[in-house]
Structures are given as structure tokens and as C-alpha cells.
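The values are calculated or read from the model by the stated rules, or taken from the named source; none is laboratory data. Remember, predicted model here, so these are calculated numbers, not experimental data. Cβ sites come from the backbone with ideal geometry, for glycine too, and all protein chains shown count toward neighbours.
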Amino acid sequence: MSTQPLQFLLLFFAGWVNRQQADVIAYLKEENRALREKLGPKPIRLNKDQRRRLAVKGKLLGRKVLREVAAIATPDTILRWYRKLVADKYDGSRNRARGPGRRRTKEEIRLLVVRMAVENVRWGYTRIRGALHNLGVELGRNTIKRILLEHGIERAPERGKRMPWKTFLRAHWGEIAAADFFTVEVLTLVGLVRYHVLFVIDLETRRVQIAGIVHNPGDAWMAQAARNLVDVFAGFLKDHRYIILDRDPLYTKQFRSILASSGVKTVRLPARSPDLNSYAERFVLSIKSECLNHIVPLGVRHLRRAVAQFVEHYHFERNHQGLDNNLIVPQAQPVNDNAPIVCRERLGGLLKHYVRAT
């Protein structure tokens, strides 16, 4: 049987395959050209994995074919990627033993050194080294010094002269309170009248005492408010040693003198520093955003009632993120966990909380 027809058939099929592949390559080249025109002159940024895949395929084609089909990068670039790929494969530098020099201190140890220095401003290098030793961590004084200098932390004598505000507050937790004013526009028969609300907050427990609500807090009114706050029987400040005040002129000299005569020292903040009285500012934000911004006070009696209702809600029914999402005054839970859950309301439903029915 003659093989010529079979050979002719194979040649015809091979030619058809070559033409098909040529058409596919021509289409892909034209598609790449269109995409590059769409992207403009800005070079295409490839990640490491994309360069690796192109390098492997490009090596098989060779420089001559790459000149015809490569559209994203030049043949020399693709082959350079391939040479780097080979070099990285046989690069054993990461497996070799470390050369001369000390091993870098672990990052968690470095952060611990910085934390100790920041939280204990009077600790020197030796004291920090001893504290680390107690935790099973051994570091030299020079290493500790270098770590602190890299983080811009001064030596203990310089740091000890400036106690951080946060440290001062924590050191006097339970004995320090803060006072502040906020204003509310009240609708009266003569129009809108601005009333001032004076309150005091205990920083540790977040308990709040409304010291008074008045249209014009003059000297006599402020003096009486101070006497009420330091009353030996029911005064909110009778167990406190410090109170934080801003530079508001309403805190008169007589007001501060009455507090000082009862053993309450005033800590006056620098001008324009509301962040230093953040606990009081946060209460103002809460009472306004959750209550006062949603009502129209119809007279001072309505305002007093709204403020009193919110303070009750604030103490007994509202969870506080600053207290691990707990209540300021915890409430006794019913014995029956299967009792139905009911919603309790204040101010016509503006303030709500949920309890189990008793």
C-alpha cells in the first residue's frame, strides 16, 4: 500500500495547525497592542509571580521569537528575569550561618523595653534591665539604651521631670474629679434663653453630680455650688483631693478658695486644651447626643427634668465602654432567667433599657 496519501494528509494537517497557531499568535499580538494603546505610555507594573511566569515561558521561546511576540517587556528584560530566577534558586545565603555581629533583639522585646520606659518615667537602664530579668529576659544596659534612643526616648532624669498626664490621673485614681460647664438653649416666654449646667464627674467610677443649672452663674451662685460640693455629709467632693478645672472665668477665686479650704486642690488646665479634660468632655457629648439634642426644652423645669432623667439613665441603665461595657451602678439580676424581657423608657421613649420582669 502506498504511503504517499498518508504523508500528504499529515503535511496538510501540519500546515493547517501551523496556520491556526500563527493566526492565534497574530490575534494575541494585536490584542496586546490594543491593550497597551489603551493603557498609554505608562509602564505596566508586574509583581514577582507574574515576572517569574513570563521568564519561564520566555526562556523556552528564545530571544528571536520574543522580539516578535513580547509586548509587555523587551526580550532582554524577560531573559534578565530568568537569569535572576535561576540565581535566586541557587542562592544559599539565607541558609548560611550568620556572620560576625550580634543578633538583633526580637521586636516584642524591643516593644517591651519601650513600654517599660514610657509607663515608668523614672526608671533608668539598670532598673529596666532588672525588670526584664524578672521576666526571664536578659539584655545589656547598652542594648536598652540603644533601643530607647532609636525610639526617641530620653534618659530617666529627663523623662522623670515630665510626668505624663495619663500617669498623673492613674496615680490619683479614686481621689480626682473634674468639673465642666455646658450650655443649653431653653425656649421660654421671652424667647430662647441660654442656661449653664455645672457638673462634676469622678474619673474612676464615671459617677456624675449635677452641681446646678442657672441662667447667670455669678460669684454668689458659684460660691454656694462649691459649698454644696464639699459638704461634709453629702458633698460629692468630700472624699476627693483634686479637681480638674479649665480656665473658664466662671471658676472664680472664691470658688477655688472654698474648695481648697476643704482639702480639695484645683488642677487648672492650660488654655485651649480640652483633651486634658476628656472624661468631662465625653459626658457632655453623651448627654447632648443621646438626650438634649433630641428635645426642645420648654422652660427650665423641663430642662432640669430631662437632665435628671438622663443622669439616672447614665448611672443605672447605660453601659459604658470606658468601664469594660459595664454599668456604673450594677443592678441585681432576677433569679428567674426565664422571666420575660420588658423595655423600660424615660422621657417618652427617648431613653430605653431592657430588664427581665420581676
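Would you be able to say whether some residue in the stretch 198-208 is touching a residue at least 60 places away in the same chain (Cβ under 8 Å), more than 21 Å from Gln309 (Cβ to Cβ), of a type outside the set (S, T, N, Q) and in contact with a Gly (Cβ under 9 Å, 6 or more places away or on another chain)? Yes, some residue in the stretch 198-208 is touching a residue at least 60 places away in the same chain (Cβ under 8 Å), more than 21 Å from Gln309 (Cβ to Cβ), of a type outside the set (S, T, N, Q) and in contact with a Gly (Cβ under 9 Å, 6 or more places away or on another chain). Residues in the stretch 305-321: is at least one exposed (fewer than 13 other Cβ atoms within 10 Å of the Cβ) and in contact with a Ser or Thr (Cβ under 9 Å, 6 or more places away or on another chain)? Taking every residue of the stretch 305-321 in turn, none turns out to be exposed (fewer than 13 other Cβ atoms within 10 Å of the Cβ) and in contact with a Ser or Thr (Cβ under 9 Å, 6 or more places away or on another chain).
Looking at this structure, is Leu298 of a type in the set (A, V, I, L, M, F, W, C) and crowded, with 16+ Cβ neighbours inside 10 Å? Answer is no for this residue. Given the criteria in contact with a strand residue (DSSP E or B) (Cβ under 8 Å, 6 or more places away or on another chain) and closer than 20 Å to Arg206 by Cα, does Leu259 qualify? It is false that Leu259 is in contact with a strand residue (DSSP E or B) (Cβ under 8 Å, 6 or more places away or on another chain) and closer than 20 Å to Arg206 by Cα. Considering each residue of the stretch 86-97 in turn, none proves to be surrounded by 14 or more Cβ atoms within 10 Å (Cβ to Cβ) and either more than 30 Å from Arg33 (Cα to Cα) or at pLDDT 65 or above (or both). Cβ-Cβ distances below 7 Å connect the following pairs, each with a first residue in the stretch 116-129 that is within 15 Å of Arg146 (Cα to Cα), a second residue that is surrounded by fewer than 16 Cβ atoms within 10 Å (Cβ to Cβ) and modelled with pLDDT of 85 or more, and a separation of six or more residues or different chains: Met116/Ala131; Tyr125/Arg141; Thr126/Arg141; Arg129/Arg141.
Residue check: is Ile213 within 22 Å of Gly322 (Cα to Cα) and in a strand (DSSP E or B)? Here the answer is no, as Ile213 does not meet what is asked. The test for being surrounded by 11 or more Cβ atoms within 10 Å (Cβ to Cβ), under 30 Å from Asp219 (Cβ atoms) and among the aromatic types (Phe, Trp, Tyr) holds for Phe283. Selection of first residues in the stretch 260-281 that are at negative phi and of second residues that are part of a strand (DSSP E or B) and among the aromatic types (Phe, Trp, Tyr), restricted to Cβ pairs under 8 Å at least 6 apart or on distinct chains, gives the following pairs, ordered by first then second residue: Val264/Tyr242; Lys265/Tyr242; Thr266/Tyr242; Val267/Tyr242; Ala280/Phe199.
Residue count for the stretch 163-184 under the criterion of being at pLDDT 70 or above, of a type in the set (A, V, I, L, M, F, W, C) and over 25 Å from Pro249 (Cα atoms): the result is 1. Residues of the stretch 225-247 that are touching a residue at least 40 places away in the same chain (Cβ under 8 Å) and either touching a helix residue (DSSP H, G or I) at 6+ places or on another chain (Cβ under 7 Å) or over 21 Å from Leu169 (Cα atoms) (or both): Phe236, Leu237, Ile243, Ile244, Asp246. Just one of the listed residues (Arg227, Arg247, Arg268, Arg272) is surrounded by fewer than 16 Cβ atoms within 10 Å (Cβ to Cβ) and at pLDDT 95 or above, and it is Arg227. Of the residues making up the stretch 312-346, those that are within 30 Å of Tyr195 (Cα to Cα), over 28 Å from the mean Cα position of the chain (by Cα) and touching a residue at least 24 places away in the same chain (Cβ under 8 Å) are Glu312, Arg344, Arg346.
Residues being farther than 28 Å from His172 by Cα and touching a helix residue (DSSP H, G or I) at 6+ places or on another chain (Cβ under 9 Å) are represented in the stretch 277-291 by at least one member.
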